[in-house]
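Let me begin by presenting the structure, written as structure tokens, before commenting on it.
The values are calculated or read from the model by the stated rules, or taken from the named source; none is laboratory data. As the structure is a computational prediction, the values presented were derived from the model and not from experiment. When we count neighbours, we look across all protein chains shown, and the Cβ atoms used for this are built from the backbone with ideal geometry, even at glycine. In case anyone asks, the SASA skips ligands and DNA or RNA and just uses the protein heavy atoms, side chains included. Shrake-Rupley method; radii C 1.70, N 1.55, O 1.52, S 1.80 Å.
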Amino acid sequence: MTDSAPPPPQIGYRSVLSMIREHARRAPGQDCLVAIDQNTALTWQQLYRLTNKLAAWLHARDIGANDRVLVLTDNSLENLILYFGIQRHGATFCTVNVDINANHMREIIDRLSPQIVLWHDSLDLADIRKTAPGTWVSFGTADPAGTSSKDGGLFEALNELDGDTEPEEVSAENDAAVICFTSGTTDRPKGVIHSFGNYNAIGAQTAYLWGLTSADRVLEYRSFSWSSSHQIVLQPLLFGGGCVVFAPKFSFSRLFGWIRNYRITKAIGIPTVVNMLLDRLADEETGSLKTLEFMSCSTAPLMEEQHRRFEQTYGIKLIQHYGMSEGGTVAGNHHLARRIGSVGKPGIGQNLTIINDDGTPASQGTEGEIEIGGAQNATAYLNPDGTVEAVRGKRLKTGDLGVLDEDGYLRVTGRAKELIIRGGVNIAPLEIDNIVMQHGDVMEVCTIGAPDAIYGEAIICYVVPRTGRSLTTDDIAQHCTGLLPDFKQPSEIVIVDGVARNTRGKVDRKAMKDIWTDTHPGSTS
């Protein structure tokens, strides 16, 4: 680890319009958005003009600060023009995962009660539109020049509007910039309301950690309905002034080609992608990634063994972050001062504390629940009944367990609600996962607790072998002997082809616990 990171910046509020304008004047012809599958790009000058046009269109419809504009589409250039344009105007950009079931989508749209819904007509939304609130407008296909869209949608309506005149911004720092939703496909997800001010702080945070400049080209392939994509890629773009190159979804076979062909300098990574790459033999293609400085890794914990194995295999540096939809960047490694096995130092202004079970601050080096409160935290929740519950100014319990070391680096040790209580002792599943992952033939692990008549809970360990490797339960049991004390040894080891994941790609321990219960009748407590 090196330790030559510059001190964190003092973050002052900057509006979306002021940042787009700055980049358009500095480098009008530089690409800022590149849509891989659409084979098209947008320059900063074009983004400036199109967002001015959209602001004029919204002014004509009396859309003001905190009025909600919902965008329904998948990853596309149009999506991002609307994302930046709605915020540049000062209204509230709202986003929903379009892959969720219809009933779930209807509930979320009713909860949002948007003034306007901008949707792509390729989506089958006829039944929802019949009863949904808001004025629905199909947006069609954008012309980067902003003059020749011809499919009857919103972008055609913008053709004749003036892109060089700046309509007035309607928002201020504390107004609502974005409403997004936490992961979930069947349960009701939380609606999270972010102000322009706290999204500003989040964008400045990643720009600092990554050292973003106008020369950077960042690869993204996650859904733009995820707040993580906003916080780690889209908002930081406004500060760095570089370019985001994006795809509709992740492609294992195309990843290295994207990095090489689009001269990517920083690429998004998640543990799932790291695992997939570790299950692939490194080849000459890996050596062609001359421009890539590092990949990020966030969304879920990355085990130290995976991290080290990935860097040894590919020679690509990984930078770990830890964040929340409602919390911004809780902690992050600076690209010049990494600590493998840690998610980095607390985010700017996060006032991070480790809390004991009794609510008191834990001593340095002691495990407890991670709690935060600061400028990056969301302002409110949007409840299922449509009411707004203010959270700004309150301490936010993350639900995660962690330890701060003597240098201020945070290690996430698990989820509080996932703790296995065996014989009165708390055991973090992630601790068992980390030990099992040290076996060279293991690709992935998911440890859960199951009811046990004597000890309260048994330790069940689901293990996914690497492709082409022969792995037995005895192999894992022998590996754990000597690395784990007796009371932490897995009670049962199950070799599987894969583990359950939620919509964000995170390992879903609850789903795996349900699988165990379904296959072991009478095991429920």
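The set of residues in the stretch 372-415 being in contact with a strand residue (DSSP E or B) (Cβ under 7 Å, 6 or more places away or on another chain), open to solvent by 40 Å² or more (accessible area, probe 1.4 Å) and small (Gly, Ala, Ser) consists of Ala390 alone.
Of all residues in the stretch 345-367, those satisfying the criterion of being buried (at least 17 other Cβ atoms within 10 Å of the Cβ), more than 15 Å from Thr413 (Cβ to Cβ) and under 22 Å from the mean Cα position of the chain (by Cα) are Lys345, Pro346, Gly347, Ile348, Gly349, Gln350. Select from the stretch 145-171 the residues that are in a loop (DSSP other than H, G, I, E, B) and touching a strand residue (DSSP E or B) at 6+ places or on another chain (Cβ under 9 Å) and write down the one among them that is least open to solvent (accessible area, probe 1.4 Å). The residue in question is Gly153.
Among all positions in the stretch 198-207, there is no residue which is among the hydroxyl-bearing types (Ser, Thr, Tyr), at pLDDT 95 or above and open to solvent by 10 Å² or more (accessible area, probe 1.4 Å). Those strands (runs of 3 or more DSSP E) of the stretch 231-325 in which 3 or more residues are modelled with pLDDT of 95 or more and open to solvent by 10 Å² or more (accessible area, probe 1.4 Å) are absent. Within the set Pro28, Pro9, the sole residue that is out of contact with any strand residue (DSSP E or B) (no Cβ under 6 Å at 6 or more places or on another chain), closer than 30 Å to Gly332 by Cβ and either surrounded by fewer than 16 Cβ atoms within 10 Å (Cβ to Cβ) or β-branched (Val, Ile, Thr) (or both) turns out to be Pro9.
Listed here are the residues, each with its yes/no results for (1) more than 25 Å from Val170 (Cα to Cα); (2) of a type outside the set (Gly, Ala, Ser); (3) open to solvent by less than 40 Å² (accessible area, probe 1.4 Å); (4) part of a helix (DSSP H, G or I).
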position	(1), (2), (3), (4)
Lys53	no, yes, yes, yes
Leu80	no, yes, yes, yes
Ile86	no, yes, yes, yes
Ile100	yes, yes, yes, no
Asp121	yes, yes, no, no
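Within the stretch 127-144, residues that are at negative phi and in a loop (DSSP other than H, G, I, E, B) reach partners that are β-branched (Val, Ile, Thr) and surrounded by fewer than 17 Cβ atoms within 10 Å (Cβ to Cβ) with beta carbons closer than 8 Å, at six or more positions or on different chains, in the pairs Pro144/Thr40.
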